[in-house]
Each structure stands twice: as C-alpha cells, then as structure tokens.
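The structure appears below as structure tokens.
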Amino acid sequence: MSAPVSETATAALQEPETPTEPPRGSRTPWWANQRIGLLILVVALATVFGLLRPAFFNQQLVIFPLLRDIAMFTVVGLAQLCVLSIGHMNLAVGRMAAFSMMLTGISYDLWHFGLYAGLLVGLIAGTAIGALAGWVIARTGVNSFVVTLALDFLLLGLIPLVYTALTENAAFVTKPAGMRELRNYSLADVCVGNVCGSPAIPQLAMFAVIAMAVVGWIYSRTRLGRELLLTGTSVKAAELSGIPTARRVITAHAMSGCLAALAGFMLAVSTGSIKATIGEEFMLPSFLGPILGGTLLAGGFISVWGTLLGTALTSVIRKGLDLLGVGLESLNIYLGLILLLALSTDRIRTVLSDRRALSPGRGGRRR
Amino acid sequence: ATGCTTKSGTDTAGGTAGDDASTGTSGGPVELKDGSGVKLALIPGGAHPYFQPWKTTAEQDKADFKLGDVTFNETGEWDQGKQNNVVNSLAAQGYNAFGIFGVSPTDINTTFEDLKAKGFAVGSLASCPAGDTNSADFCLSTDVEAAAYKAAKATIDAIGGEGTIVHLTGNNVDSNTQRRIAGVKKAVGETNGKVTELPVITDIDKDLQTAQKAVADLLASKGQDIKGIVTTAYNPAVAAADGVISSKLPIKVVAIDDDAKILTGIKSGGVAATVAQNPVGQAYVGGWLLALLGSKQCTMKQPGVIVDSGSFVVTKDTVDSYDEERKAKTKALQTEFASQLSCQ
Amino acid sequence: MTLFRADQVDKLFPGVRALDGVTLSLEAGSVHALLGENGAGKSTLIKVITGLYRPDGGRLLLDGDEVRFGSPHESASAGIGVVHQERNLIPGFTVGENILLQALPTARGLVDRAAIRAEAKRWLAELDLDLDPDQPVTELSVAQAQLVEIAKALSVQSRVLLLDEPTASITPNEADRLFHVVGKLKDAGCAVLFVSHKLEEVFQICDTVTVLRDGTSVLESGDLTELTRDEVVDLMVGRVHEALTLPPRTVDTEAAPLLELCGVGTATGHADVDLQVRPGEIVGLYGLVGAGRSELAKALLGLDRITAGEVRVRGQAVRIRNVRDALRNHRIGYVTENRKEEGVFLDQPVSRNIAVTVWDRLRKALGYVPAKAEAALVAEYVEQLGIRIASPAQYAGTLSGGNQQKVSLAKWLAAKTEILIIDEPTVGIDVRTKDAFHTLIWDLAAHGLAILLITSDLPEMITLADRVVVMRDHRVCGEVPNDHDYDRMSQQVIRLIHAEGTTAA
Amino acid sequence: MKRFVKTTEMTLLVICGVFFVGLVIASGGDLLTANSLRVLLQFLAVPVLIGLAQMVVLAVGQLNLAVGAIGGFAAVAMGVLMADHGVPAPLALLSGFLLASAAGAANGLLVVLTRINGFIVTLATMTVLLGVQYRLVGTRTVDAYPAALKTFGSYALFGVLPLIFLVALAVAGLLAVMLRRTVPGRQLLASGGNPVAAKLSGISTDRSVIIAHTTSGAILGVAAILTVASSPGVNKSIGGDWLLPSFAAPIIGGALLTGGSAVVLGTVLAAFVVRFVDTARAEFSLEPSWVNFVVGAVVLGSVVLGQVRTRRQQRRTVVKSPDAVVAGGVS
Ligand SMILES: Nc1ncnc2c1ncn2[C@@H]1O[C@H](COP(=O)(O)OP(=O)(O)OP(=O)(O)O)[C@@H](O)[C@H]1O
Ligand SMILES: Nc1ncnc2c1ncn2[C@@H]1O[C@H](COP(=O)(O)OP(=O)(O)OP(=O)(O)O)[C@@H](O)[C@H]1O
Ligand SMILES: [Mg+2]
Ligand SMILES: [Mg+2]
C-alpha cells in the first residue's frame, strides 16, 4: 500500500538539513513517572504501617479484606475512567450500581436465578442504564455532569420505591449458591496438586483483574479505545475524522454502567445482601482512583494501572490509620493531609524532572 | 415497670427455667472468673450521640470485669464496608470479643458469621439483624418496633386520644425504619380511627437542616391539622421540638433518646415526651456477656437469642426518675441472661 | 533611534532550543519585519519580549535601559502592545471590554461602562470598524475578532507594537485599513514589529527586516529596499529556494464528475449551488471570508442539513449522513481550515492523528488493531510528507503549524480518499512548506483524485486550480477557467465578487 | 432586553412562576399566608448562598468539593466558641467567617502552589475539614448561644421576609456587582473564560483562582452564620447535604463547567425551583422518592431546553471557548 504521492512531491516536502528534535517522552526520568511514583508511595506507606503495626501483614484479617476493597474500588474507578476517557463524568456511578443490583436481586429473589446468571442480568441492566445516559447526552448535547446528576436523582427516587414495594426489609436477602464462597475464598482454595495460592488474595479480586485486563486491552489495543480517547481529546476533530462520536459517547457510558454494575455486585457479595443503598459511597472514590493515577478529567488520557495504584493508595492509608487506632476525631484530618502531601510530592517530582530538562514544563491542566 | 417485651419466644417466663447445675445462683448474674484474656471491642455504626455512653461504659466494663483491653471505635462512619474493615483491623490486633451495631441490618449477619467462624465472641448491640435469624451469639437491643409503639402511644396520650399525628423518621430503606413505621401504625390502629396518621415523612435524618426544613414545610402546610408529632430519629426530633416552639402551634412532640438537648426540651415543656433507650445497659451487659463468652467460661444455651434492652417513656414527671428505672432494667438484664447461659 | 532592543536572547523548551542568541532592534518611526519559516521562533521571541516567557539568556533594552518583564502586564505598562498569533478574546465579554481588558477604566472603584464604550469606539474608529462596543465577541466573525484584537493592542497606547501574523485571517480590504493605521503609528514615532508569511505585505509596509532560522537570527535589521523577495526567501530557507515549477497536468474534461452538486441549498443559507469536480481536476472555490465555502463543505459531509437539490457522487444521488459515511461509503475526505480545533488532536501522539481514519481497515477480530501495521503505515506517511517529528509518539500539539497541517492532510491520504476537499491548506504556513503543499496537491490531482480547493489566497488559487468557482453570500456567482495568468485572473475573480458592488464586512 | 428574553434566567423565571402559581392553587391559597411565605423564603437563604459559593469557583473554571465541609466547619466553630468558650456572639461569628474565608483561600493557594487538580485539592481539604468539624463538636448538638442571634435567625420583616433571606439576597447582589463591575471580578471571569487570553492580557490567572476560592469561602462563612442563627443547634451533620445542591443551582442556572460564566440571578432562581419542589413535597405529602424523581426530571428538562437554545445561538459563534488553547500551552 502506498500513498499517491510522487517522488517530486515527497522530495519537495522533505526538510533536509534541519536537525530533528529529540524525543520528548524519553526526557522524563523514570522517577518522575506518576505511576512509578504512586507505586513507591504505596509500598513505602505499607512498609511504614507494617513496621508500626506488624498486624498490618496479617494475611487473613488485614491483607485479604484490604485487597478485596482495592479490587472493588478499582472497578468503581474503572467505571469512572471509561467516561473520563471521553472527557465526561458519571455522577450516577453509585446509583447505576444500585439499579443494576436491584435487578440482580429481583432475579435471585423472584426468578431464582443462579449466582452468575443474576450477575449477567445486573451487567446488562448496568450497560442499559449507562447507554441511556450516554444516549441522552449524545442526543441533547447537554453536559454529562448535568445529565448524570439528574439521572442520579431519578434513580434515587425510583430504587426505594421498588425496594419498598418488593421487599420486607428493603433488601433482597436471597443468597444464591456460591455467594458465600465467593466472598470468603482466597487463592488458598485454588490448588494445583499440592500447590495452593496465597490465602491473602481474595477470589473476588479476579473480577477486578478481568475488568482491568478488558479495559486495558480496549484502550491500548483496539480501535474502540483509540477512538474513545480521540473523542475525549477533541470531539470536533473526532467527528471530522470520521469517528462516530455520538456512538462513542454512548459506548463509553454503557461501559461505565456495566463496570458500575460489576462493582455493585462485588460490594453486594462482600457485604452480604443486595440493598437499595449499594453504591452510595462510590462517587468520590470513583474519581479519586483514576485521577490520582493520572487519568485526565478533561479526557483523552487514561491509565488503568494508575487507577489501581490510586485506589490502593487511599485504601492503604485508611487501613493503616485504622490499625494505628486513629480515632474518628483525627482520622479524616490525617487522611486528607496525607493525600495532599502525597500529591505534592508528585508535583515536586515533576518540577524537579522539568528542571533537569532545563525548562519550565507545561502548566498544570485546568481542573 | 414499663412492659418490656422479650422477643425470645422460649423464655418468656423469666429467669428460672433451664438452669445449669454449674452456674451461679439462678437469680443473679454469673461471676466472671478471668477476663484478662478478653479484649473487648464496642463498635457503633458511626458517630452518633446515642453511642456516646458506650465509650464510658466500655471503660467501666474493663474496670468491673478486669478485661484485658477495651476499645470503642466509631470510624466505620455509617458504611457497612468500612465497618467490616474496622472489625477486621481490630481482630488483627488481637481483639476477640465484639459488640457491634451493624450499619446495615440486612448485611450484618454476614459479618457476624465471618467473626464466629474465626472463633470470636460476637454480640449484636442496639440493633438486631433484619429477618428472623441472628448469627451473633446474642442480640441485646431496643425492640425498635416496641419503642416506636410506645412513642406513638405517648403521643396519642399527649393529644388526648384524638386527632391527627405525623411520624418523622430516617432512612426509608432500612429494616429498622420499617419496623418503627409498623410500630407507630400499630398504635394508631388500636385507637379505632380516633387518631389518624398522615403519610410518614422519611429520609430526613441525614442532617439537621434537612430535618428542620422538612418540619417547617410540614408545619406551614399542615400545621393547623396536626395535633402531635412522633419522631423516631435524632435530627428530626431536635428539629421538630424547635420548629413547634417557634411556630407557636399547640402540637405535642414526642422525641427519641435522651440527649441533653432533648431533656432540656422535656423540662421546658417544648417536648411532651421522649422514648429513652438503654445504651449503657447494652454496653455494660453486652460487655459482660461477651467477656463470659470470650473467655470461654460460658456458652449461649440458645445462640442468637434476642433480648430487649428496654425502652422508657420519659415525660416531665419522670424526667428525674427514669434513669433509676433504666438502671434497674440493666440489673434485670444480667439476671435474665444468666439463665440463657451454660457455664463451666 | 533604537527604541527597543533584544540582545542575544535564548529560550529553551524541553528538548528544543527555540531561541539561540537572537538579536532584534526596533527603531522609532519604522516598521520592522520578522520573518522565518514555521517554528523558526518568531512567536517565541514575541512572547519573551512581552514577559510571557522568561528568557534563559540575553537582555532586553527599552530606551537603552535593561528591562525585565515578569508578566504581560508589566510589558504593557512599559508601552509594549502586542497582537498574538492565537485568537485571544474572552468569550462572554463585550467587544469594548475585550479591547480595554488590559486596563479597564474605573470610576469609584467600579468598572465604568460608559468610559469603556467611549474609548472602545475610539479605537474601533481608528480601524474604520463599525462595531457596537456592547456586542458580545461570540457574535463576531473570524476577521472581526482579529480586528478587535488589533484594536486591543492599539488601546494600550504603545510606543512599541508587536503584530504576530495579524493578517492571517482578514481580507485584503481590512488588511489595508490595518496598514493605514500602522503607517500613522510609524509617523507618530512608534516602532512596529510585523510578522507575516505573506511576503507581498512585508515588502509593502516594512522598512527593515530580521530573519530567523531555527532560532538564530541569520539577518539582523537588513534594509528591505536593498533586498529582493528571493533573497529573503533564501535566507529563511537557508539555501537557494527554487521557484515552484509544476509539471504539466491535463484534465479529461469529458470524464464523468466524481462529485456533483445540483441546485444544492442548505440549512445555513446556501441556495442553488451547482458544482462539478472531475477525477484529476482541482476546482478552486474562492470567495471572501464568510462567503460560506467552509459551510458548504461541511454540509456536504453531513454536518449540516441539505435542504434542497441533489448531491451526486460517481453519478449516484446520495445522502451523506456524517463524515464516517462520507469516508467509508463515498471515499470523500475533508481537510479542515481550523487545524488546531478540528484538524489535529493536539494532545495525542502523531501516530494516532494519522491512523485515525484507517483503524477500520487495519482492525482484526474484536476491534484489535495490530500496533505493527499501524506503525508501518504512520511511518510511511511521515516519510512521504516529510513530517518533522522526533518519534511517532510525539504529541501533535508540540509540532509547528506546517507540520500539524501535514499531519492533518496525512490522515486523509492514508484513508485512500478519491475526493478531497481541502480548506485553506496554507494559512500561516511558510513559503517553502507552502510550495511543497502546492506540489503535493498538484500531484494528488495528477494521480486522479478529484480535489475541491477552498482558499482565500488568490495566488495559491491561481497556481493550483483548473477552474475557479466564485462564491458570494452563500451562492455561486460565477466560474472562471484558469489560465494561470495572475493579473488577468485576479481581475476577473475580483470583478465577479464585487459584481453588484457589495462587499463582505 | 432582547438578549435577556432568550437567557436561561428567563426560562427559570417562567418555571418559577408556573410552579408558584401551581402551588398556590394546590394549597387553596394557603401558600400566600404570611407564615407559609416566610417558611418558603427562610429555607432559601442557605441554598442560595451555597449555590453562589460554587458558582464563583465554577466561574474561574474550578470546582469546590469542600463547600459543605467549609460551611459545616465554620458553623460548628462559631457554635463551639459561643457555647463552650463564652465568646461574645459578634466576635464568634466574625471568627467563623474569617475561618471559612481562610479555608477558601487555602484551597486557592494550594491549587496555585501545587498545581494539583482543584478537584483533588478540595477533596483533600474537605476530608480534613470534616475531621476538624467532628473534632470540634463530636456528636453533640450545640445550641447554647445568645437569644438575640436566634431572634435574628427567625425574625421576618412584616412577618414575611426573613432577615436571613435578605442577607442572602444582599450577598447575591454584592457578588453580582463584584463579578460585573469590579476589576478583580472581571479578571476572574476572564481567567475562567479563556485562561490563555487572560494571561496574554496581563491578568494573573493564579490570582483569580485564589480570589475565587476565597470569595467562595467567604460566602460559605455567611452561609454558616445564617445556619447558626436559624438552626435549633449545630452538630456534625451541618453541611453534610450541601454538595449536590451547590452544583445543581448554578448549573441549572446556566453556569458553564468550563468557566467564564457569572450567573448570579440564574443560581438564585434555580434555588427557588428546588425549594418549590420541597414545598410541593410537604403540600402533597409526597414520598421523598417522588421528590427526587421530580427534581431529576426538572433538572434534565430545563437544561435540555436551555441547551437547545444555546446550541441554536452557537451556530453563529466564532470566538471559541478555552479549548482553543495554544499548542504547547503557556506556562
Ligand atoms: N510552549 C512551548 N513548549 C515547547 N516548545 C515550544 C513551545 N512554544 C514553541 N515551542 C517550539 O519552539 C519553536 C519555535 O516556535 P514558534 O511558535 O516561536 O515558531 P514561529 O516562528 O512563530 O512559527 P509559525 O510561523 O508557525 O508561527 C518550535 O519548534 C515550537 O515547537
Ligand atoms: N459578521 C458575522 N457575524 C456572525 N456570523 C458570521 C459573520 N461572518 C461570518 N459569519 C459566519 O460564518 C459563515 C461563513 O463562514 P465560512 O467559514 O463558511 O466562510 P468561508 O467562505 O469558508 O470563509 P473562511 O475563509 O472564513 O473560511 C457565515 O455564514 C456565518 O454563519
Ligand atoms: Mg508563530
Ligand atoms: Mg472557510
């Protein structure tokens, strides 16, 4: 395959004696990489907490639930990441999780579905509600912030109505076979011959691994992912390059809804029942993970690993403070301060690396 | 005494049936032999005035029963996931007896089961799991339906047995709220139509201003028709007491709990009555029980038994004496539980 | 008398030495040209002078005294006015406020609206611009916005005025008004710096010239009367620049048109537009700014509603729904005039910018795009178009304008389109790259592509087009076959435009 | 005037009118009694202020997630100063106000100095302030403050116009004047509308960001004062429910998330709309679920309408909003 450009034109277009600019990316030293910085931070904090409280390394009681939490909030973060990739927000992540789990709950309670059939129902419901949000945004052009906020209110109204109508205790308590196992089993319960996995790693984490793999693959290897990122960089340019931006907006929101449903399922499994308030605490972590990890609020750049690390950072801090016995009167103060400090060091690293490259860098992105 | 209902069906007769030969006197509490191995954790659902007596009572437990250690940890912040984390962290640090107010009544059994599976002593305090099963060793809690029933009764009494009342409460999608709504409905139903109830106002316990606004709107639109307000959540109680006074309407407010703010209201007449619960008793007796179970001195004869910790209608007349009654109830609880135990 | 002098100025960006010991002197009562290819460092120099960038070396002298500007505010107070290359108006503010933004007049602590109106009127009048100072700038056309910016620069009453490509998007008419003002300033003893890629203008109004090449000054304050156009170009390019010669190319006028418009009307106001483009033919679409050419192109691509008439592609009447449809089903491509917003993805790697149209073709099962195939394809176009990049992972936003434009074109070549609509391909692009683009467009037509060329640059039109279709007020008002004779052609075209004596504002 | 007819404000005004008339009819005229009107307005004061506090930060292109935390923290600080430390009311209120402003200024400074995303900065300060708020009051409800303050909080001119509502309106007026008629206000909007252009015009966008956050803090300080004055007491729940309404009001009111828009009137009107929904809830004894449903629908409806209109206008737009940033940016 060759472009219809002749030798003469090509020759005319060449710029012979001008030296090429050195690559920009390779200029940043490894220690200024945000992901590596985060990783170091997480490991360092874990070490400090572990030294102060050896119980931090208790596999069953600390590491296991910690990893289960990180896994769940990573999926929550990925749900937000999908819409962030196109420069949108999903303020209804939590409520989408609640909505899809409501259908999962109905499928268990009323239709007596199996564990995974119910999960499938939930994922479909999540995808559908996400697609609905995306469709409204694409059709009306209204800001995603507003649409998902309004959708959040709508669902906040709808969900309790359904729960109070269908259940006695405002929760679906039927537990299909396998749910308890999924909550408690770790890799220690997976054996090949005599070799078993670590008891510290919950089986539930496999959902996060799958989600990360799929999302990571989509964004780094497929046309869909690239088109989403380009849509996030500039909708106009994307539209004019033949990307069906409206469809991409719907896809991104549908992916977000699907992942929210998965996170809701993980929460339901790890706490025990399917209730109306599932996902209420999802919103802030959903932003925190991706953004700490380097995903841009403005769209166009995402990091799946960063989301995992960002989520891990906040979970580890919280867990460590828990173990240190920091009471509620100080917990949030420390949490906020550590977070600010951690982020400032990130900034300091960037500045340092820029200075090494002999110049001020690009100003911080707005918002 | 107020008519405390005990929900455990098998043991309505009182504290004499089924004594184990090895236990102490059937009428009195069992003596704890050695509590030094017990590290007791009292875990409320989150920060709330209701649980504040737990903090001091925990220390009292430690002193009275010579426990190895006690802690009071409210960092779960009304989130079942976070509460589970707190529980696990404490377990990792060697705590082995847990008195827990489960954030989510429908989920807490799962947490209880996890803890039991690891061999810890677990008590459900101040709230019982939703449904018919309690996976903890016991549940020592206000019977919320009964308490709401009493509160509604008190309201009906206060308005003279006739008129319209309204019920203000918290999170609609919570099984305890549903029980409270049922309790009030029951009391209203018993008046054979003399008292009517407006639709329940739910979800206004999140913060004081939401409650205040809801009360003000209610009074502005329906204030003339309402004779009494029964509240079964904290912020609405504070807001209703204040709102009624400033609107100068002749409405009787029945509140919940005995926070300083509300007791002042009772004394000044702004609040007709309140239904006090028994947090001290829950923490004290709960701690004692957990120590017995945690030190393996005793086991429950009937795991999962549910006991009402009592609820007390406080009016201007009883405001100075109700605490005595409550203390008596606490004593009685120990006796009551003694018969539930089989000890070495 | 030297009013302002930049002495041995250095400026480094990560990985780029944008300025390397550049010296520039501005004399009172003279207009000084600053020339150079794309990326030579002209805008950077201006930003250093105005205090937007801190220089990494060298001195700035105003009236012989060394000055340091920490911010544009300080330079403005020192009497340096500037029109930047980029559009810099605040949306939501009125024309008046935008003009006086640097120093809003106040009365009793509050912004004085009457004063704004009066003062803004004065500067608008200076430019012969009939605009209401209370009009929001969002309602302005590109040209009007550009003129408002010039008014803004004048309003600081500067002794030194820096103009960075002020004429890139205004009509010759408006440019003349600007030159008139520049003349007045010159007579009043101001120093004016003028940056432009339109050498005719430079020779028309400038007295002296500084030429930059790759961040160094290769000619300092040369006298323009002693230089020829070719000499200047040679200096910019750094070698002898040969005049553009295009090989002969014939169009089969009998061939069936690839693209044909019959009486097309659009929701944006076009009516009765007839147009035909044959394979191998370059049809020029000329008109003044705002004549509706770009909008016609966008309507063709389904971005606006077509309300009347018929669009035929390869003889078939079609309804094109969107760009994807145009690309996939009709092989039509559109190189936009708005490079920065619509042409390239500034915050994405060059590779993605080029490959965006071909993922469809490269993708395997599950939408998987093999990185190797993508890289190979990108490398091919990077090489053929001579796009100057350090690596395909470099962000398009860090490229110079000319290279960005090449990227914007590359994706349509990669898509193997057969009908190409090219809108203002060489705005803000230096002479040499411009010639290269002309060769390229010519070459594409020779290979059988049907090309619709929209440009407001008449010499470019006359160099390239086979036929020139002239548009005015959203209607086609005539067609001239091109005989490549500049004088005759330009007369014919201008006459068509002004046939009824109306001029576009 | 012609331009006004087409604005979001106009749409909202119409919606407000329709709602009000509807409610008056539904209540059989009861809504027009002095008491009902007073209650309606009394609970508008704080929502208006928190909406404005968010709006001014949105105007410069930032977000403030700490609205509730700053307000709650300041309110609790005032309450505790008066009740526990016996500080005289005016002094306590002033300190609370200053604390809130300082918290806002801290937000701004952190954003500017660290260049960390404002979203994360305010999230972190929110967490810290929530901690401080709890540390100050614990689980108590503090209400031992002077009666005069409570009188101020509940007093209504002619029995209809609550003082606190008038205070909120006054703040709105001041803010409007600041944004429309003062140089820092204009510079703030310019920084939000097109930061690059603002910079090139010699405006310090950093300063604008700090001013915006500080103003936001100050408005929240006023909101805290009104809360203290009009609540039965202050406890750790104060401010807990402010975040979403703070966004809803300006966004329904027509603010752009990208910055550069000053919609004081729109924000106030949007607060009215939300308040009407509340009133309707009481009037019809609706379940809260239905109210959320209605709010969701109204938000979506009004904004879709507004969007259709602005899109029509934008057809003719040439000067672009800030995404037209120069390649490479300006540091
Ligand atoms: N903010 C920046 N960060 C990094 N590199 C930059 C920045 N601004 C400019 N450059 C680089 O500096 C060099 C000079 O750019 P400049 O914009 O001054 O060129 P110019 O002569 O104005 O070109 P044009 O004619 O296209 O406007 C280019 O290589 C450009 O990529
Ligand atoms: N003064 C103006 N006020 C508002 N809109 C204007 C004005 N001038 C032009 N426009 C808009 O621009 C449209 C024409 O722009 P278009 O880009 O299609 O013209 P063009 O011939 O391609 O010129 P250009 O060289 O600017 O690309 C007009 O129809 C109108 O919508
Ligand atoms: Mg330039
Ligand atoms: Mg055009």
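The values are calculated or read from the model by the stated rules, or taken from the named source; none is laboratory data. A quick note: this is a predicted structure, and the numbers were derived from the prediction, not measured. Positions of Cβ are backbone-derived with ideal geometry, glycine not excepted, and every protein chain shown enters the neighbour counts. The area values use the complete protein model at the heavy-atom level, side chains included, leaving out ligands, DNA and RNA. Shrake-Rupley method; radii C 1.70, N 1.55, O 1.52, S 1.80 Å.
Which percentage, to the nearest 5, of the DSSP beta bridges contained in chain B is antiparallel? Show your work: numbers first, answer last.
Details: 7 of 41 bridges.
DSSP beta bridges in chain B are roughly 15 percent antiparallel.
What is the angle, in °, between the Cα long axis of helix B:322-338 and the longest principal axis of the Cα atoms in chain B? Nearest 10 is fine, range 0 to 90.
Result, in degrees: 40.
Interface D/A, total buried accessible area with a 1.4 Å probe, nearest 100 Å²? Can you show the working numbers first?
Details: alone 16230 and 19680 Å², together 31640 Å².
The contact between A and D buries close to 4300 Å².
In chain A, with Lys and Arg counted as +1 and Asp and Glu as -1 at Cβ, which of these residues, A:HIS112, A:THR164, A:GLY50, has the Cα nearest the positive end of the dipole, that is, farthest along it?
A:GLY50
Restrict the search to region B:132-203; then list the GluC sites (Glu not before Pro) that DSSP places in a loop and that have at most 12 other Cβ atoms within 10 Å of their Cβ.
Working: sites: B:GLU145, B:GLU162, B:GLU190, B:GLU197; in loops: B:GLU162, B:GLU190.
The qualifying sites are B:GLU162.
Assuming a strict under-29 Å limit between Cα atoms, what lysine pair count do you get for chain D once near-sequence pairs (fewer than 8 apart, same chain) are dropped?
Values: D:LYS2/D:LYS320; D:LYS6/D:LYS320; D:LYS150/D:LYS236; D:LYS199/D:LYS320.
Step by step, the pairs that qualify in chain D add up to 4.
Per residue of D:183-194, how many C-beta atoms from partner chains lie within 10 Å of its own C-beta, taken as a mean? Before the final figure, lay out each step's value.
Working: counts 7, 0, 2, 6, 3, 0, 4, 9, 2, 3, 6, 9.
Average per residue, whole number: 4.
Are there any trypsin sites (Lys or Arg not before Pro) in region B:44-96 that are in a DSSP loop and have at most 15 other Cβ atoms within 10 Å? List them by number.
Answer in residue order: B:LYS66.
Note down the magnitude of the dipole of region D:40-312 about its Cα centre, charges +1 on Lys and Arg C-beta and -1 on Asp and Glu C-beta and zero elsewhere, to the nearest 20 debye.
Dipole of region D:40-312, to the nearest 20 debye: 740 debye.
Separation of region D:248-298 and region C:132-175 by C-alpha centroid, Å?
41
Would you mind checking region B:161-196 for residues with the amide N under 18 Å from a putative spin-label position 7 Å along Cα→C-beta of D:SER285?
Backbone N within reach: B:162-170, B:181-196.
Pop out the carbon and sulfur fraction of the accessible area of chain C as a percent, whole number, probe 1.4 Å. Write down the numbers at each step before the final one.
On the way: 9090 of 18830 Å².
About 48 percent, which is the carbon plus sulfur part of the accessible surface.
Taking the DSSP beta bridges in the protein assembly as shown as the whole, what percent of them are antiparallel, to the nearest 5?
Values: 60 of 130 bridges.
Once the DSSP bridges in the protein assembly as shown are tallied, antiparallel ones form about 45 percent.
Which of the residue pairs A:LYS275/B:LYS150; B:LYS33/B:LYS316; A:LYS319/B:LYS116; C:LYS184/C:LYS340; B:LYS267/B:LYS327 have a Cα-Cα distance greater than 32 Å in the structure shown?
B:LYS33/B:LYS316; C:LYS184/C:LYS340
For the protein assembly as shown, what is the charge dipole size about the Cα centre, in debye to the nearest 20, if Lys and Arg each add +1 at the Cβ and Asp and Glu each add -1 at the Cβ? Could the numbers behind the result be given before it?
Values: 133 positive and 138 negative charges, 343 e Å.
So the dipole magnitude of the protein assembly as shown works out to roughly 1640 debye.
May I ask you to order B:214-224, C:207-217 by the average number of other C-beta atoms within 10 Å around their residues, highest value first? Show your work: numbers first, answer last.
Working: B:214-224: 23.0, C:207-217: 21.2.
The packing order, highest mean first, is B:214-224, C:207-217.
If you fit an axis through the alpha-carbon atoms of helix C:486-497 and take the longest principal axis of the Cα set of chain C, what angle between them do you get, 0 to 90°, nearest 10?
90
Amide H of C:VAL335: which non-local residues (sequence gap of 5 or more, or other chain) have their own amide H closer than 5 Å, using H built in the peptide plane?
For C:VAL335, whose amide H was placed from the backbone, the distant partners under 5 Å are C:ILE421, C:ILE422, C:ASP423.
Using DSSP to call loops (not H, G, I, E or B), can you name the chymotrypsin sites (Phe, Trp or Tyr not before Pro) in region A:68-164 whose Cβ has at most 14 other Cβ atoms within 10 angstrom?
Working: sites: A:PHE73, A:PHE99, A:TYR108, A:TRP111, A:PHE113, A:TYR116, A:TRP135, A:PHE145, A:PHE153, A:TYR163; in loops: A:TRP111, A:PHE113.
Filter output for region A:68-164: A:TRP111.
Output the DSSP H helices from chain D with an along-axis C-alpha extent of no less than 30 Å and a mean Kyte-Doolittle hydropathy no less than 1.6. Present the calculation step by step, with values, prior to reporting the outcome.
Values: long enough: D:89-114 (37 Å, 1.75); D:205-230 (37 Å, 1.15); D:288-314 (38 Å, 0.46).
Flagged H segments are D:89-114.
So, R0 is 45 Å and r is the distance between the beta-carbons of C:ASP65 and A:VAL48; what FRET efficiency does that work out to, to 0.05?
On the way: r = 56 Å, r/R0 = 1.24.
So, using R0 = 45 Å, E works out to roughly 0.20.
Taking the simple approach of a point 7 Å from Cα along Cα-to-Cβ for both A:CYS191 and C:ASP10, what is their distance in nm?
6.9
Taking 7 Å along the Cα-to-C-beta vector as the label spot, tell me the B:SER36-C:ARG328 distance in nanometres, rounded to one decimal.
Modelled inter-label distance: 7.9 nm.
Report for region C:2-237 the percent antiparallel among DSSP-assigned beta bridges with both residues inside it, nearest 5.
Numbers: 24 of 43 bridges.
Close to 55 percent.
Under 20 Å from the 7 Å Cα→Cβ point of C:ARG312, by amide nitrogen: which residues of region C:256-271?
Residues C:256-266, C:271 fall inside that zone.
Which of the listed residues, C:VAL218, A:ASN194, C:VAL237, is farthest toward the dipole's positive end in the protein assembly as shown, when Lys, Arg count +1 and Asp, Glu count -1 at the beta-carbon?
A:ASN194
Cα axis of helix A:205-221 to longest principal axis of chain A: angle in degrees, 0 to 90, nearest 10?
That helix lies at roughly 20 degrees to the long axis.
If you put +1 on each Lys and Arg Cβ and -1 on each Asp and Glu Cβ, how big is the dipole of region C:54-127 around its Cα centre, in Debye rounded to 20? Intermediate results must be reported in sequence, preceding the final value.
Details: 9 positive and 10 negative charges, 70 e Å.
Charge dipole of region C:54-127: 340 debye, to the nearest 20.
Give me the one-decimal nm value for the distance between modelled label points at C:ARG229 and C:ALA393, 7 Å along each residue's Cα-to-Cβ direction.
4.5
Go ahead and collect, in residue order, the members of region D:199-237 whose backbone nitrogen is under 12 Å from a label point 7 Å along the Cα-Cβ direction of B:LYS248.
What the label zone holds, given the 12 Å backbone N cut-off, is no residue at all.
Could you list, by residue number, the cysteines of chain A that have no other cysteine's beta carbon within less than 4.7 Å of their beta carbon?
Lacking a cysteine Cβ partner under 4.7 Å: A:CYS82, A:CYS258.
Select from A:LEU323, B:PHE112, D:LEU243 the residue farthest towards the positive end of the dipole of the protein assembly as shown; place +1 on Cβ of Lys and Arg, -1 on Cβ of Asp and Glu, and compute about the Cα centre.
It is B:PHE112.
Can you figure out the FRET efficiency of D:LEU166 with C:ARG108, using R₀ = 25 Å and their beta-carbon distance, to the nearest 0.05? Display every interim value, and only then the final one.
On the way: r = 25 Å, r/R0 = 0.99.
E(calc), rounded to 0.05, equals 0.50.
Enter the Cα centre distance for the pair region A:270-348 and region B:129-171, rounded to the nearest angstrom.
Each part's Cα centre sits 38 Å from the other's.
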